[in-house]
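J.: Just passing along the structure, written as structure tokens.
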Amino acid sequence: MAPTHVLRCCQRGLAWIPVIFIALVVCWSYYAYVVELCLFTIPSTIEKVIYLTVFHVSFIMFVWSYWKTIFTRPATPSKEFCLPKSEKEQYEKEQHPETQQEILKRVATSLPLYTRTGAGAIRYCDRCQVIKPDRCHHCSACDMCVLKMDHHCPWVNNCVGFSNYKFFILFLTYSLVYCLFIAASVLQYFIKFWTNDLPESHAKFHVLFLFFVAAMFCISILSLFTYHLWLVGKNRSTIEAFRAPVFRNGPDKNGFSLGFSKNIAQVFGDQKKYWLLPVFTSQGDGFSFPTRLVTIDPEQPTECLQPAGLDKGAVEGSAEQTTPLSESQNHLLGNAFYIEEDHKETDVLKSDESEAITISIESES
């Protein structure tokens with residue numbers, strides 16, 4: 001037990017090395033830009049003021065979003081997703097997977113669950129001993145189940161998920177802005193030092209190296225930033241991009257997509273004035289998410305899925321039901337429920353000449 005505990009402590013300590021490395025690079029970049037470039041190299045006072053103002057704005061936003069991404073604790077499933085004591089004891093004693101699934105299904109009837117495993121079973125974490133909410137996954141590095149888990153990022157030594165995904169996107173945004181501004185403003189002095197148009201000084205090394213580091217980080221961050229913007233627009237996590245979530249009617253990579261504007265709002269919130277600030281404004285509770293509802297799910301309550309005019313008795317035949325859509329789901333979806341089923345009705349009318357005329361009516365409810 002003791003060696004395992006010591007090993008775990010060592011792993012946690014080593015996990016901070018990438019974060020410390022980034023912190024040291026940022027501290028050096030601040031010194032190189034403010035002191036060596038602006039104070040000792042740039043001759044124009046107006047140019048110094050402009051550069052220092054823009055630099056400090058981008059620097060503050062970058063550090064703020066990076067801090068929030070690192071130190072925001074990942075959100076985990078609530079107690080309602082844990083098995084009650086009697087069911088838990090029964091589940092642990094049971095050896096047959098089929099019977100264990102029956103126990104999980106009984107508990108899951110009161111939970112807002114839409115996704116399943118690839119085999120169609122209830123998603124359960126034996127490590128955390130909780131029924132996994134939709135889009136929740138277990139992180140082996142953090143040793144916990146994380147709501148709407150995207151990935152574990154070693155550069156922030158934290159799991160990126162529901163609670164800090166907006167902060168992570170802003171961290172990529174402001175780090176890209178930070179590197180682009182440094183590279184663009186340093187370029188002319190980089191060329192002058194490189195061509196020996198400026199006299200030799202101790203600032204030369206810092207200016208040359210600052211441009212190379214900024215350009216290198218800019219290229220690497222750009223690809224990651226573009227990829228995650230695409231994920232936000234599609235309302236997918238990194239995990240879901242590689243493995244489509246499985247609903248009761250099968251896998252659907254666009255199952256959580258509500259349209260571009262609502263996908264953006266789900267991460268950044270309704271109020272655009274807070275979009276660029278690293279404060280939590282994401283919609284929802286992290287436990288349940290609105291879906292496209294591609295087809296009528298027989299296991300969902302009739303008050304959520306029954307379209308206007310549909311016979312109530314036609315939907316009430318399900319044996320297993322879940323709770324209605326949460327307030328956050330209704331807030332996101334509004335009245336935009338789309339059930340992509342084409343109902344075709346054919347009426348046969350006879351004319352005076354006894355000719356049969358077939359009229360096909362297609363409607364989307």
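The values are calculated or read from the model by the stated rules, or taken from the named source; none is laboratory data. What you see is a predicted model, and the numbers here were worked out from it, not measured in a lab. Quick reminder, even Gly has a Cβ in these numbers, built from the backbone with ideal geometry, and neighbours come from all protein chains shown. Areas reflect the complete protein model, heavy atoms only, side chains present, ligands, DNA and RNA absent. Shrake-Rupley method; radii C 1.70, N 1.55, O 1.52, S 1.80 Å.
J.: Gap in Å between the Cα centre of segment 87-124 and the Cα centre of segment 133-195?
T.: 36 Å
J.: Something else about it: Could you tell me the extents of segment 93-224's C-alpha atoms along the three principal axes, largest first, rounded to whole Å?
T.: 80, 23, 22
J.: Continuing with this model, one more query. Could you tell me what percent of the accessible area of segment 150-227 is made up of carbon and sulfur, with a 1.4 Å probe and every protein chain present?
T.: Carbon and sulfur atoms account for 78 percent of the accessible area of segment 150-227.
J.: Please name whichever of 113, 90, 103 sits farthest to the positive end of the charge dipole of segment 83-133, dipole taken about the Cα centre and charges placed at Cβ: Lys and Arg +1, Asp and Glu -1.
T.: It is 113, whose Cα lies furthest towards the positive end.
J.: Put +1 on the Cβ of each Lys and Arg and -1 on the Cβ of each Asp and Glu in segment 164-264; which of 187, 174, 225 then has its Cα farthest toward the positive end of the dipole?
T.: Selected residue: 225.
J.: What residues qualify as long-range amide H neighbours of residue 124, i.e. H under 5 Å apart, gap of 5 or more or another chain, H built at 1.01 Å from N?
T.: Here 132 satisfy the definition.
J.: With the cut-off at 1.5 for a/c, could you classify segment 15-65 from its C-alpha gyration tensor as rounded, prolate or oblate?
T.: Because a/c hits 1.5 or more and a/b fails to exceed b/c, segment 15-65 counts as oblate.
J.: Using the Cβ atoms and a cut-off under 12 Å, what net charge is assigned to the surroundings of residue 150, where Lys and Arg are +1 and Asp and Glu are -1?
T.: Here the charged neighbours net out to +3.
J.: Rounded to the nearest 0.05, what FRET efficiency do residue 238 and residue 105 give with R0 = 30 Å and r taken as the Cβ-Cβ distance? Could you check?
T.: Efficiency, from the Cβ-Cβ distance: 0.55.
J.: A further question on this structure: Could you give the length gained on full extension between residue 279 and residue 229, defined as 0.36 nm per residue of separation minus the Cα-Cα distance, in nm?
T.: 16.2 nm
J.: Keeping all protein chains in place and using 1.4 angstrom, which order do 274, 51 fall into by accessible surface area, from largest down?
T.: 274, 51
J.: Sequence-distant or interchain residues sharing an amide H contact under 5 Å with residue 151, placed H: which?
T.: For residue 151, the qualifying residues are 160.
J.: Obtain the radius of gyration and the Kirkwood radius of segment 80-137 from its C-alpha atoms and give Rg over Rh.
T.: Reported Rg/Rh, Kirkwood definition of Rh: 0.92.
J.: Quick check: residue separation of residue 94 and residue 20 times 0.36 nm, minus the Cα distance between them. What number comes out in nm?
T.: 21.9 nm
J.: Let me check I've understood the local charge: for residue 212, count other residues with C-beta under 15 angstrom from its C-beta, Lys and Arg +1, Asp and Glu -1. What total comes out?
T.: Here the charged neighbours net out to 0.
J.: Which of the lysines could a cross-linker bridge to residue 204, judged by Cα under 30 Å and excluding same-chain residues fewer than eight apart?
T.: Of all the lysines, those that pass the test against residue 204 - Cα under 30 Å, at least 8 places apart if same chain - are 48, 192.
J.: When the accessible area of segment 1-128 is split by element with a 1.4 Å probe, what percent falls to carbon and sulfur?
T.: Accessible surface attributable to carbon and sulfur in segment 1-128 totals 66 percent.
J.: Whose amide H sits under 5 Å from the amide H of residue 144, counting only residues 5 or more places off or on another chain, with H placed in the peptide plane?
T.: 139
J.: Starting from the residue with the highest accessible area, list 99, 226 in decreasing order, probe 1.4 Å.
T.: 226, 99
J.: A further question on this structure: Can you tally the net charge around residue 138? Count Lys and Arg as +1, Asp and Glu as -1, for every other residue whose Cβ sits under 11 Å from the Cβ of residue 138.
T.: Net local charge, residue 138 excluded: +1.
J.: Still on this model: How do 231, 224 rank by accessible surface area computed with a 1.4 Å probe, from largest to smallest?
T.: 224, 231
J.: Using the Karplus curve 6.51 cos²θ - 1.76 cosθ + 1.60 with θ = phi - 60°, what ³J(HN,Hα) values do you get for each residue of segment 177-186, in whole Hz, with x for Gly and Pro?
T.: With coefficients 6.51, -1.76 and 1.60, one gets 4, 4, 5, 5, 5, 4, 4, 5, 6, 8 Hz.
J.: Let me ask something else about it. With θ set to phi - 60°, apply the Karplus curve 6.51 cos²θ - 1.76 cosθ + 1.60 along segment 61-69 and write out the HN-Hα couplings as whole Hz, x wherever there is a Gly or Pro.
T.: 5, 5, 5, 4, 5, 5, 4, 5, 5
J.: Separation between the residue 261 and residue 40 pseudo-spin-labels, each 7 Å from Cα along Cα→Cβ, expressed in nm?
T.: The answer from the label model is 5.4 nm.
J.: Treating only the Cβ atoms of Lys and Arg (+1) and Asp and Glu (-1) as charged, compute the dipole magnitude of segment 223-275 about its Cα centre; round to the nearest 20 debye.
T.: Using only the charged Cβ atoms, the result is roughly 40 debye.
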